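Only one structure is covered here, and it is reproduced in the block below.
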Amino acid sequence: MAKEPEKKKEAAAPRAEPVKGSGTPIVLKDRFQVYPATPLYDFDLPSATAFACSDKRDPSLYLLAYVCKPELPPRVNVLRTLKGHTMTGLMPLLEWGVAEWPPAGRQCLLVIYQRPLGGRVMPSLDAEIAPLEEHELVKKIMPQMTMVLKELAEKGITHRAIRPTNLYWMDERGEQLVLGDCVTTPPAFDQPVVFESAEAGMCMPAARGSGGNIDDLYALGVSMLMMKMGRNPLKEATTEQILKGKITKGTYSLLVGDERLPLSMIELLRGLLCDDPAERWSVNELELWANGRRLSPLQPKQDKRAVRGFAFLGEEYNTCRELAFAMSQNWDKAAEPMMDGQLEVWLRRGIENKDLADLVGLAIKNAKGAPAADLKQAEDLLVTRILMLLDPMAPIRYKSFSALPLGFGPALAVIMGVKTDPRLFAECLTRDVPHIWFETRPEYDPTNSQIDSMFKDIKAFMLQQAMGYGLERVLYDLNESLPCQSSLVADSFVAEIAELLPALEHTAKKIDPRTLPMDRHIAAFIACRFDYNVERQVTALNDKTAHNQLLGMLSLLGTVQWRLGPESLPGLASWIGAHLQPVVAAFHSRARRRDMEKELPRLVRSGNLPELFAYIDNVEEKRRDEDGFMLAKAEYAASSQEASDIENGTDRRSEEAQRYGHQAAGVISMMMALTALSILLLIRFF
Amino acid sequence: MAQKKPPKKIPQTASRGASRARITIGLLLLGPPMLFFFLPTWTFLFLAMLPTVVAFVVDRTPYRYAWVSVAGLNFAGVAPYLMKLWFEAHTMNNAFKILGNPFDLIVMYGAAGLGWVLHMSLPPVVGAWLDVTSQRRLGQLRDTQRRLLSEWGEEVARSDDDGELAVAGRRKR
């Protein structure tokens with residue numbers, strides 16, 4: 001779990017005079033000047049750094065720019081929706097874009113916000129602030145928050161970063177509370193587990209998914225409680241303790257403890273912190289409450305407790321959820337009590353849930369029937385399935401990987417962004433773990449079927465190791481607005497397919513031309529985001545021969561240029577041209593090669609990849625070359641054979657000379673005889 | 001209507017035997033009178049053409065062309081004397097008279113000798129001619145190969161078998 005940066009502890013209180021930028025600015029979109037020399041520590045986020053910013057059109061405005069970490073995928077869809085929208089209760093997002101960021105030595109995503117002048121509500125989660133009064137929370141803050149959450153819900157957006165350290169006073173008098181940034185990281189990535197429901201908290205931070213508005217309401221409830229108390233009641237607790245506490249006691253009891261709260265706050269917090277998502281307050285219920293409706297507070301539901309506890313690693317567990325959580329934390333030890341039947345017996349006799357016991361028994365029987373070589377794998381899948389049966393609300397858990405279905409995308413994006421080992425993720429998909437999760441849902445949900453079939457498609461992509469498929473394809477399929485992660489365009493933030501070729505053109509100017517302008521990421525990015533079928537080009541890209549691979553690459557990039565432009569890409573064409581030697585060499589005719597070597601520079605200068613491809617991959621020329629070559633080969637072979645016959649035929653030739661010589665002598669001799677006879681007869685008669 | 005019977009095939013051996021019998025009968029009928037009426041000619045030719053007979057006997061090559069070469073020139077040498085025999089007096093005395101003249105014999109047998117010379121001397125000439133044409137053809141072939149190499153590269157000289165062997169070799173390595 002990410003913590004707020006230490007530096008901001010020193011700068012908790014709002015400054016008397018807001019800081020203006022100084023030094024040489026970086027200009028974004030010819031309008032916003034970001035000052036790398038003027039950091040705003042008060043506004044730093046765990047995964048984004050704040051800098052002073054100004055607007056050329058209105059220099060009197062105080063702005064701030066967040067510089068995102070390149071390895072974390074931003075929420076581009078949310079960025080697009082929120083840009084330029086003014087929502088009461090939300091820090092106004094004015095602009096975003098990519099710019100060369102000198103401190104990082106590369107291009108970074110910058111997000112420009114209007115700067116809140118009243119500072120952060122809570123400098124850090126370890127800090128203590130003056131508790132907010134009930135009337136201030138109920139009359140001023142909750143209506144503001146209700147309005148913004150309602151507006152976000154209408155736009156289909158979840159904030160997923162509501163916490164006191166990301167809440168700001170927009171004005172210096174502290175009248176308007178606003179939600180801070182929610183776009184610089186994957187959803188809920190920086191959220192401490194205390195602000196997440198138990199099921200989302202069990203996930204890896206990047207794998208919580210965008211969730212729903214009820215997740216924002218839950219986080220708002222925790223934030224309101226902390227603002228009312230003026231402190232974090234669980235600041236000493238570890239993540240595991242918090243999750244365990246939420247499962248065993250429920251969130252409300254865990255957080256409120258012995259704290260005395262006003263009745264109105266109790267009703268609000270009981271509604272917002274309800275652990276059952278189906279019963280948790282929605283935005284409408286919050287709005288009704290904000291408008292004055294008062295009901296009796298929701299009472300927490302208790303999980304069914306066992307008549308006798310289940311002993312696991314020296315501790316006794318009385319509910320299925322508790323046990324499932326404990327087992328998920330001790331994965332390697334979990335299979336044993338399952339396989340020896342203790343768990344089934346406990347479910348049958350202790351929990352007295354015959355149906356669940358039957359399902360567990362069947363899963364164990366199937367696992368035992370697995371071949372000896374696959375036993376370990378079968379045990380892992382058994383643990384996964386049984387944990388899902390024991391706690392249907394929990395996320396998909398497989399060994400140390402845990403994610404909600406819609407969190408797989410951001411999880412993979414972070415795994416690949418920070419370059420950690422994706423093996424567990426891949427294993428989870430190839431072993432159909434998400435399908436087991438959908439199989440074990442207690443109630444039918446049509447959305448689940450859609451997501452399940454999406455996972456099937458994704459698995460099919462992942463099982464193909466060719467370029468354009470594999471994990472990279474899964475990455476872009478699961479993250480529809482993720483920028484291309486290829487190192488070739490890493491500093492250009494290519495979120496749209498149309499931006500890819502200009503980015504490669506930009507890269508062409510500075511890269512070692514020996515590098516190929518294609519890699520697994522670019523191939524997968526095009527295959528996933530391009531609206532036209534490029535199956536043929538991708539297949540060629542994976543051909544065994546180098547020249548066909550190059551043709552596939554040129555064809556793929558050429559198709560993108562043909563459909564989306566730009567018209568001329570001389571840099572990229574030159575970059576590709578440097579690799580075309582094998583393609584030229586694939587022609588047998590030396591004359592054709594010489595012609596191509598003369599013509600290619602002209603085509604490269606024109607920067608038109610489709611034209612370049614059409615010239616190189618001329619089917620008629622190829623056929624003519626192939627036919628000519630076959631004929632030449634046959635002619636060479638025949639001439640070799642004849643030459644060899646001549647060279648090795650001395651004896652035969654001398655034999656022939658002998659025979660022909662004798663024949664010739666015979667013929668000459670006979671002719672002379674006939675001539676002599678004829679002359680004599682002529683003399684005699686005439 | 002009665003079906004037409006296929007014509008009976010006469011066995012070829014029977015046909016050959018019949019023709020052979022006809023020739024034999026012909027020879028038996030015509031041979032003795034011919035031998036009798038042309039006896040001086042036959043005797044003269046036999047003795048004058050002895051070198052040809054010798055050539056036929058001594059030639060051990062598979063094709064046995066020597067007697068043809070000798071016979072041609074031998075007959076060219078014999079022909080003037082044969083005319084003399086036929087047009088002066090076609091008698092045994094005249095035949096022996098011609099054969100008894102050493103000068104005439106030298107002419108007839110000398111011509112046969114020339115036949116031998118022709119037979120011995122032509123094969124080296126033909127061999128030399130064959131060598132020259134072969135070398136010229138070899139030169140043409142080398143030119144063709146050079147042209148093919150310059151136009152299509154080294155791979156034009158590689159046979160498919162070579163390619164397969166090279167691939168197999170690489171796999172083995």
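Here are the numbers:
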item	result
Rg/Rh for the protein assembly as shown, where both radii come from Cα atoms and Rh is the Kirkwood radius	1.41
Trypsin sites (Lys or Arg not before Pro) restricted to DSSP loop in the range A:502-599 with at most 15 other C-beta within 10 Å	A:Lys509, A:Lys510, A:Arg514, A:Lys544
Among A:Thr248, A:Ser589, A:Leu149 - extreme Cα towards positive end, dipole of chain A, charges at beta-carbon	A:Ser589
Summed side-chain charge close to A:Arg623 - residues other than A:Arg623 whose Cβ falls under 13 Å, Lys, Arg +1, Asp, Glu -1	-3
Nearby aspartates and glutamates by direct alpha-carbon distance to B:Lys84 (threshold 18 angstrom, same-chain neighbours under 8 apart not counted)	B:Asp104
Exercise: per-residue mean of other protein chain Cβ atoms within 10 Å, A:622-632	2
Alpha-carbon Rg with Dmax, taken over the range B:10-107, Å	17.9, 58
Partner chain coverage, peptide B:76-82 - average Cβ within 10 angstrom	5
Helical mean residue ellipticity (222 nm; -39500 (n - 2.57) per DSSP H run of 4+; nearest 500) of the protein assembly as shown	-17500 deg cm²/dmol
All Cα pairs of the range A:64-132, percent lying beyond 16 Å	60
Backbone HN-Hα couplings from phi across the range A:30-43 [Karplus 6.51/-1.76/1.60, Hz, Gly and Pro as x]	6, 9, 9, 9, 9, 9, x, 7, 10, x, 10, 4, 4, 10
Alpha-carbon centroid distance for the pair the range A:134-213 / the range B:57-119, whole angstrom	134
Residue-averaged beta-carbon neighbours from other chains (10 angstrom radius) around B:137-149	4
Loop-located GluC sites (Glu not before Pro) in the range A:240-319, at most 11 other Cβ atoms within 10 Å (DSSP)	A:Glu259
Principal-axis tilt of helix A:375-390 within chain A, Cα atoms, nearest 10 degrees	40
The range A:568-644 versus the range A:101-131: alpha-carbon centroid distance in Å	58
Distance histogram in 10 Å bins (all Cα pairs of the range A:7-114, percent per bin)	14, 49, 34, 3
Per-peptide average of other Cβ atoms within 10 Å, ordering A:81-90, A:157-166 highest first	A:157-166, A:81-90
17 Å Cα cut-off, lysine pairs counted over the range A:310-476 (separation 8 or more, or different chains)	7
Å³ per residue enclosed by the Cα convex hull of the range B:23-172	244
Gyration tensor (alpha-carbon) shape descriptor, the range A:310-476, a/c threshold 1.5	prolate
Lysine pair count for the range A:7-114 [Cα-Cα under 22 Å; pairs on different chains or 8 or more apart]	13
Cα pair distances of the range A:483-617 binned at 10 Å [whole percent]	13, 46, 34, 6, 1
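Coordinate-derived values only; no laboratory data. Owing to the predicted nature of the structure, the values given are computational and were not obtained by experimental measurement. Because the Cβ atoms are built from the backbone with ideal geometry, glycine has one as well, and the counts that use them run over all protein chains shown.
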